[in-house]
Amino acid sequence: FNFDGSNAYFNKKGENIITAVASDNQNNQRPASNELKINYDNEPPILEITSPANNSEFNGSKNKIVDIIGKTELGVNVTVNNRFALVSSDGVFTSRFELKEGDNQFTAVAHDKAGNETKVDFTLLWRL
């Protein structure tokens, strides 16, 4: 018998501990199995773009490169326009982009270990 947790249902958030005890028709039992710890998390991660603000406008060739800075939770993976952003130990991430003429559309996505996801769409405007 193998148990991988794929068909288990948990409604208690946080750590859940599972053990198994085998018994036969005469009520003979084997000792309990080793504990299996499963963390239940159905909350999407926090994702905030702190700079620049949505719909910010940039002008001139010296302002063509922009650092997108945000904050999330520890242990979360973040992408901005499908490029991974390194998340520091305090949850801050930075991703650098070169803006193109006109509207520049961005999508930041945070994924946690449980597969929960948060998306933030924003636009930056650049003009020469």
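Computed from the coordinates by the stated procedures, all read-outs in this text should not be read as laboratory data. Bear in mind the structure is a predicted one, so any value in this text is a computation, not a measurement. Neighbour counts are summed over all protein chains in view; Cβ atoms, including those assigned to glycine, are modelled from backbone coordinates with ideal geometry.
Here are a few things to note about the model shown:
- Contact order normalised by residue count of the chain, Cα under 8 Å, 6+ apart, percent: 24 percent
- Those lysines that a straight Cα-Cα span of less than 21 Å connects to LYS100, excepting residues fewer than 8 apart in one chain: LYS62, LYS64
- Dipole magnitude for the chain: about 260 debye, using +1 per Lys or Arg Cβ and -1 per Asp or Glu Cβ, origin at the Cα centre.
- Per-peptide average of other Cβ atoms within 10 Å, ordering 55-61, 91-97 highest first: 91-97, 55-61
- Straight-line cross-link reach from LYS13 at under 13 Å between alpha-carbon atoms covers these aspartates and glutamates, not counting any fewer than eight positions away in the same chain: ASP41, GLU43.
- Each of the peptides 70-77, 27-34 was scored by the mean count of other Cβ atoms within 10 Å over its residues; in descending order, highest first, they stand as 70-77, 27-34.
- The listed peptides 13-19, 78-84, ordered by packing as a protection proxy, come out as 78-84, 13-19 (highest mean of other Cβ atoms within 10 Å first).
- For PHE58, nonlocal amide neighbours, meaning residues 5 or more places apart or on other chains whose placed amide H falls under 5 Å from its own, are LEU125, TRP126, ARG127.
- Working note: Debye formula, equal point scatterers on the alpha-carbon atoms of the stretch 39-128, no solvent; log10 I(q)/I(0) at q = 0.18 Å⁻¹ is -0.74.
- Other residues with beta-carbon under 9 Å from the beta-carbon of LEU128 carry, at +1 per Lys or Arg and -1 per Asp or Glu, a net charge of +1.
- Label-point gap, in nm, between ASP24 and PHE58 - each point 7 angstrom along Cα→Cβ: 7.3 nm
- If you take all other residues with their beta carbon under 14 Å from the beta carbon of VAL76, and give Lys and Arg +1 and Asp and Glu -1, the sum is -4.
- Net charge, ILE65 excluded, C-beta distance under 11 Å - Lys, Arg +1, Asp, Glu -1: +1
- Cross-link partners for LYS37 among the aspartates and glutamates, with Cα-Cα distance under 16 Å and sequence neighbours closer than 8 places in the same chain left out: ASP4, GLU15.
- J(HN,Hα) series, the stretch 85-90, from Karplus relation 6.51 cos²θ - 1.76 cosθ + 1.60, nearest Hz, glycine and proline x: 10, 6, 9, 6, 5, 9
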